[in-house]
Structures are given as C-alpha cells and as structure tokens.
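Trainee: What follows is a single structure, and I will ask about it in a moment.
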Amino acid sequence: MLLLKAVYRVVVNNFLALAAAAVAAVLLRRPDELAARLRAVSSPLHAATAAVLAAGVARLVRARRARGVYLVEYGCFRPRPCYRAPFATCLEHAHLMPYLVDEESVAFAIRLLERSGLGDETCVPDAYHYMPPDRSLKASRDESELVIFSAVDDVFARSALTPADIDVLIVNCSIFTPTPVFADMVVNRYKLRAEVQNVNLSGMGCSAGLVSVGLAKNLLQVSPPGTNVLIVSTEILSSQYYVGTERAMLLPNCLFRMGAAAMILSNSPDHARFRLGRVVRTVTAARDSDYRCVFQEEDEQGNTGIRLSKDLATTAGHALKSNIAAFGPLVLPASEQLLVAISFLKRKLKQLSGHAGKVRLYRPDFRTAFEHFCIHAGGRGVIDEVQHGLGLSDDDVEASRMTLHRFGNTSSSSVLYELAYLEAKGRMKRGDRVWMISFGAGFDCNSVAWECVKPAPDADGPWVDCIHRYPVQLPEIAKDV
C-alpha cells in the first residue's frame, strides 16, 4: 500500500514533466524528419519573430513575479532563572493573598496549571513576584524594555546587519500600548534613521506576529531591492494581572508567560536563512461567538481582565478549517489536491442521487508539503485540536508542546521559540519547509510557509541551556483544560 501511494504521488506530482519527456521521446525517435520540418519553416523572419516573442514573454513573467522575501535572522528573549514561577511559588503566593483570590479560585488555578502542559521553568515578570502584584505603568515599562531590547540585541548580534540598515520597523503587543508607542521606544534605543517607517500593532492577540510578517511581505514586495524590515513581537504582562475570581478570566494568569522575539526580513537574498512562502490570514469576527472568544472586559466587581471562552479550542479548530481551505491549494502537491477533489465530487454525486449518508471528505496529508510544524503554543487543548484536525503525529507537534512546557504561552512570539527548538535539535535542513500556525483575538487564524535556505550553525539561542533535557515526557490527562 505504501509503495502504491509513493508511485501515485510521483506520477501525479510530476505529470507535466513525464508528459514532456514522453513527447520528447516520440520526437527523438525520428530526428531526421524533425530536422527537415524545422528547416522547412525556418527563415530569418521567423527566427526574429520567435526571439522577440520569447523576450517579451520573459520580461512579462519577470514583471509579474513577486519579489522574494527572506528571513535574514531572528532572536528570542531568554529569561534568567530569577524570573521562574514554579507551581509551588504560585500556590504560596495565592495563599498569601486571600484578600485578592479566594480558596476556590486558588484550587481551580492549581488544577489548571497541573493540566496545562507548562513546566516549572516558565517565567513571569518582576511585577508578578510582588504581593500584591505590581500593576503600575513603571512595572510594565520595565518589563517592556527588558524583553524587547533583549530580543532586538540578540537578532542584531546574530546577523551582519546593524540598526542603521533598518528601513521599516513593525512592533506588535496586544494589550499594553503606552505613549510613546513601542515602535518609538525601539527607534530611540537603537537610534534608527529619521526616515525609518514604523508601525505599531495592538489588540490582535497571539496572531500578531504572523500578521506582522504578512504586512512586512506586502511592503517588501513593492520596495526597492535591499530593503530591511525589523519585526518585534511580544506581550507585556505586568499591568494585566487579573485579581478577581471569574474562572474564565483567571486563565491568562495561569497560561501566559513573559517572552519576546525579533526578526529581520529583507527582499534581498543576501545572508538569508529562510525564504518566505505563502501567507494566508483568516478572520472569523463576523461570527458573534468567535468575536467574543478572547475578550477584554470587567467582571462584576470592576476588575479588568481577558476572558477566554471555554470553547476556545473548538473555535480555533473551526478557524483553522477555514484557513486551510484557502492555504491548502497554495501549498499542497497535486496528488493531495486530486484526492480532495475526488472525495468532494463523490459527496456531491451522492447528494444529487438522493442517497442517505454522508461521504467524508479526504483529509489531505500536509506532511507531503512540510517537514516541520510550528503551532502556536496557546495551551495544551489548542495544540491537541490542531494535531487532531491535521492528523499530525506526536513528533510533528513536539516543538509546540516543548515550547509550552519550557516557556509557556508567550503569545505572538511563541512560533519563533518553536523554530529555535527545531534548529537547536539540529533537525532543520536546507530545503526543509516549515508551516507556522497562529491564532488570535478576533478570531484570527494565520498560516505562514517558510523554506530553509541556511540552517543555524549552532544551537545558541533561547534553548541553549536546556535543549539537552528535551523532549520531556508530559503527564497523561484524561481531559484537557
């Protein structure tokens, strides 16, 4: 069966090449006759006309071809051990703050943590280590400068580019947006040129990192060659600690952890590490339940927080289906698309014939299009939902699960921590293809495809001090949170 499937894929995916080879073989069987026909129609006028047409077609193809976009380098914030928040510390702090959180809420939070997939080395900002938590503007600014500047310092240290080479700056942070904005903070810190274009994105949740990649792609494809874009993705937690007792609003306290990532994109292939492929964004905000799935509001006591719907994983699954419908035809090989089309045709024919029962559509195997998967580490339930929906193996989602365990949900930067995991493990090879998937408030689902041009020369990065301990065995949970 495996042999038949392999033969089928080779034949269908290379149909045009096989057809061309067959035609060439037929023509070459009678070379004398072919040469005589060519001499019969050849003349200086014919040759000149053919040359002009060929040159025109080639120029038209070059003009319509979108300029390539490349990932030059990326870097991630690596928190020091002093920021760790093991379960024991979380439990102790909760018991020492009974005026903020009642015992029932504490018990719920502990059960959630135990089943979340997070480990004891995830980190939270200084503000969370105070009792009560420091939710001041200064605490948020201090956290912002720590994580953002660390990530940007790392990406410049890894690349041959300097701040003076940056033409466009995009910074995304969903909830905390100070004045001046983060983009201006980065410009001031690194003394970027006065003519640098900068954009600050907010309110997009965990999908903002890949939304920024899509924005950078659109800018680079119409910019002069050699344009460089710096993207910074983070989520600032200090001012967002929820001090109420609403369970749906306690979830972010338990799942989100400090983190940030920076990447440099360019429309020049010089020093490129990855080539950007397809980018597809799906927004389902027209559906009321999706729009309120991740919602900032006040509880009955007036405490502000983020309410996460209990249907979050299901909503993510539905958004992913819509996203795949647009993304799949762009990346899947012809062999998989043909099987999907045949199953769809069978369903339609059965409906038209009036037969009872439903024909299940063929689920394409995305492992024929990608070697690696970076699924947003939004929680154990989200990863499980995507794994089940795409038919992926445990090995395929290892990077996502291990990132969740070591760093927690770092929001929009999580997919780059996962990419760093794959490279630290030495699994990334030249030509390998990567599918990044993220979800965010709205509700958004984003897919970005990359192709590796040059793997990392070493494992130095956010995993440098712990990669030898991963993967770890996660406890089995009967029902995920």
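Trainee: Run THR162 past the list (1) touching a Phe, Trp or Tyr at 6+ places or on another chain (Cβ under 7 Å); (2) under 26 Å from VAL472 (Cα atoms) and report the number of the one that doesn't hold.
Mentor: Going through (1) touching a Phe, Trp or Tyr at 6+ places or on another chain (Cβ under 7 Å); (2) under 26 Å from VAL472 (Cα atoms) one by one, THR162 breaks only (2).
Every residue, every condition in (1) closer than 13 Å to VAL232 by Cβ; (2) in a helix (DSSP H, G or I); (3) among the hydrophobic types (A, V, I, L, M, F, W, C), yes or no:
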| residue | (1), (2), (3) |
| --- | --- |
| ILE110 | no, yes, yes |
| GLU114 | no, yes, no |
| LEU118 | no, no, yes |
| PRO133 | no, no, no |
| ASP153 | yes, yes, no |
| PHE156 | yes, yes, yes |
| ALA160 | no, no, yes |
| VAL171 | yes, no, yes |
| ILE175 | no, no, yes |
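Trainee: Out of everything in region 376-429 that is of a type in the set (A, V, I, L, M), outside any helix (DSSP H, G or I) and farther than 18 Å from CYS452 by Cβ, what residue ends up being nearest to the chain's Cα centre (by Cα)?
Mentor: Restricting attention to region 376-429, the residues satisfying the condition of being of a type in the set (A, V, I, L, M) are 377, 382-383, 386, 390, 392, 397, 399, 402, 404, 415-416, 419-420, 422, 424, 428.
Remaining after also requiring outside any helix (DSSP H, G or I): 377, 392, 397, 428.
So of that shortlist, the ones also farther than 18 Å from CYS452 by Cβ come out as 377, 392, 397.
Working: ALA377: 10, LEU392: 16, VAL397: 13 Å.
The residue in question is ALA377.
Trainee: Also: Hey, among the residues in region 111-137 that are open to solvent by 40 Å² or more (accessible area, probe 1.4 Å) and among the hydrophobic types (A, V, I, L, M, F, W, C), which one's modelled with the lowest pLDDT? Reasoning before the result, please.
Mentor: Initial filter on region 111-137 (open to solvent by 40 Å² or more (accessible area, probe 1.4 Å)): 111, 114-115, 120-121, 126, 129-132, 134-137.
In the following step, the residues that additionally are among the hydrophobic types (A, V, I, L, M, F, W, C) were identified as 131, 137.
Values: MET131: 86, LEU137: 95.
Result: MET131.
Trainee: Shifting gears a bit: Between ILE231, ILE306, ILE264, which is outside any helix (DSSP H, G or I), of a type in the set (A, V, I, L, M, F, W, C) and at pLDDT below 95? Before the answer, list the steps.
Mentor: Working: ILE231 fails: at pLDDT below 95; ILE264 fails: at pLDDT below 95.
On inspection, the qualifying residue turns out to be ILE306.
One line per residue, one yes/no per condition, for (1) closer than 22 Å to ASP458 by Cβ; (2) hydrophobic (A, V, I, L, M, F, W, C):
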| residue | (1), (2) |
| --- | --- |
| ASP394 | no, no |
| SER400 | no, no |
| LEU404 | no, yes |
| THR410 | no, no |
| SER413 | yes, no |
| TYR417 | yes, no |
| TYR421 | yes, no |
| ALA424 | yes, yes |
| MET428 | yes, yes |
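Trainee: Within region 338-346, identify whether any single residue is of a type in the set (D, E, K, R) and open to solvent by 40 Å² or more (accessible area, probe 1.4 Å), and answer yes or no. Steps first, please.
Mentor: Keep residues of region 338-346 that are of a type in the set (D, E, K, R), which gives 346.
Now narrow it down to the ones that are open to solvent by 40 Å² or more (accessible area, probe 1.4 Å): 346.
Yes, the conditions are met somewhere in region 338-346.
Trainee: Which one of the conditions (1) open to solvent by 20 Å² or more (accessible area, probe 1.4 Å); (2) within 25 Å of the chain's Cα centre (by Cα) does LYS191 fail to meet, given that it meets all the rest?
Mentor: Result: LYS191 passes all but (2).
Trainee: Considering each of TRP463, TRP435, TRP450 in turn, give the residue that is not acidic (Asp, Glu) and not in a strand (DSSP E or B).
Mentor: Values: TRP435 fails: not in a strand (DSSP E or B); TRP450 fails: not in a strand (DSSP E or B).
Step by step, each of TRP463, TRP435, TRP450 is checked, and only TRP463 is not acidic (Asp, Glu) and not in a strand (DSSP E or B).
Let's see how each residue does on (1) open to solvent by less than 20 Å² (accessible area, probe 1.4 Å); (2) touching a residue at least 24 places away in the same chain (Cβ under 8 Å):
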| residue | (1), (2) |
| --- | --- |
| ASN218 | no, no |
| ASN228 | yes, yes |
| ILE236 | yes, yes |
| TYR242 | yes, yes |
| LEU251 | no, yes |
| CYS254 | yes, yes |
| GLY259 | yes, yes |
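Trainee: Follow-up. It is to be established whether one or more residues within region 313-331 are at pLDDT below 90, in a helix (DSSP H, G or I), closer than 13 Å to PHE366 by Cα and of a type in the set (A, V, I, L, M).
Mentor: Checked against the condition, which is being at pLDDT below 90, in a helix (DSSP H, G or I), closer than 13 Å to PHE366 by Cα and of a type in the set (A, V, I, L, M), region 313-331 yields no hits at all.
Trainee: Now for a different question. Given the condition in contact with a Phe, Trp or Tyr (Cβ under 7 Å, 6 or more places away or on another chain) and open to solvent by 10 Å² or more (accessible area, probe 1.4 Å), answer yes or no: does some residue in region 425-441 qualify?
Mentor: Scanning region 425-441 turns up at least one residue that is in contact with a Phe, Trp or Tyr (Cβ under 7 Å, 6 or more places away or on another chain) and open to solvent by 10 Å² or more (accessible area, probe 1.4 Å).
Trainee: Would you mind finding the one in GLY431, GLY379, GLY426 that is at positive phi, touching a strand residue (DSSP E or B) at 6+ places or on another chain (Cβ under 7 Å) and at pLDDT below 95? Spell out the reasoning first.
Mentor: Working: GLY431 fails: at pLDDT below 95; GLY426 fails: touching a strand residue (DSSP E or B) at 6+ places or on another chain (Cβ under 7 Å).
Of GLY431, GLY379, GLY426, the one residue that is at positive phi, touching a strand residue (DSSP E or B) at 6+ places or on another chain (Cβ under 7 Å) and at pLDDT below 95 is GLY379.
Trainee: Looking at ALA160 and the list (1) out of contact with any helix residue (DSSP H, G or I) (no Cβ under 7 Å at 6 or more places or on another chain); (2) surrounded by 21 or more Cβ atoms within 10 Å (Cβ to Cβ); (3) at pLDDT below 95, which single condition is not satisfied?
Mentor: Going through the list (1) out of contact with any helix residue (DSSP H, G or I) (no Cβ under 7 Å at 6 or more places or on another chain); (2) surrounded by 21 or more Cβ atoms within 10 Å (Cβ to Cβ); (3) at pLDDT below 95, ALA160 breaks only (2).
Trainee: Run down ALA286, ALA313 and say which single residue is free of Cβ contacts under 8 Å to residues at least 12 places away in the same chain and of a type in the set (A, V, I, L, M, F, W, C). I'd like the intermediate steps shown before the answer.
Mentor: Working: ALA313 fails: free of Cβ contacts under 8 Å to residues at least 12 places away in the same chain.
Being free of Cβ contacts under 8 Å to residues at least 12 places away in the same chain and of a type in the set (A, V, I, L, M, F, W, C) holds for just one of ALA286, ALA313, which is ALA286.
Trainee: Still on this model: In region 81-109, which residue that is of a type in the set (A, V, I, L, M) and at pLDDT 75 or above is most open to solvent (accessible area, probe 1.4 Å)?
Mentor: Filtering first and then ranking leaves LEU96.
Yes/no per residue for (1) of a type in the set (Gly, Ala, Ser); (2) open to solvent by less than 40 Å² (accessible area, probe 1.4 Å); (3) in contact with a Gly (Cβ under 7 Å, 6 or more places away or on another chain):
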position	(1), (2), (3)
ARG281	no, no, yes
ALA319	yes, yes, no
PRO333	no, yes, no
LEU390	no, yes, no
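Trainee: Let me ask something additional. Looking at the structure I just gave you, is ARG78 among the charged types (D, E, K, R), at pLDDT 80 or above, open to solvent by 80 Å² or more (accessible area, probe 1.4 Å) and closer than 30 Å to PRO457 by Cβ? First the steps, then the outcome.
Mentor: Numbers: among the charged types (D, E, K, R): yes; at pLDDT 80 or above: yes; open to solvent by 80 Å² or more (accessible area, probe 1.4 Å): yes; closer than 30 Å to PRO457 by Cβ: yes.
For ARG78, the condition - among the charged types (D, E, K, R), at pLDDT 80 or above, open to solvent by 80 Å² or more (accessible area, probe 1.4 Å) and closer than 30 Å to PRO457 by Cβ - is met.
The values are calculated or read from the model by the stated rules, or taken from the named source; none is laboratory data. Treat the numbers as computed from the prediction; the structure is a model and nothing was measured. Cβ coordinates were reconstructed from backbone atoms using ideal geometry, including for glycine residues, and neighbour counts include every protein chain displayed. All accessible areas refer to the heavy atoms of the entire protein, side chains included, with ligands and DNA or RNA removed. Shrake-Rupley method; radii C 1.70, N 1.55, O 1.52, S 1.80 Å.
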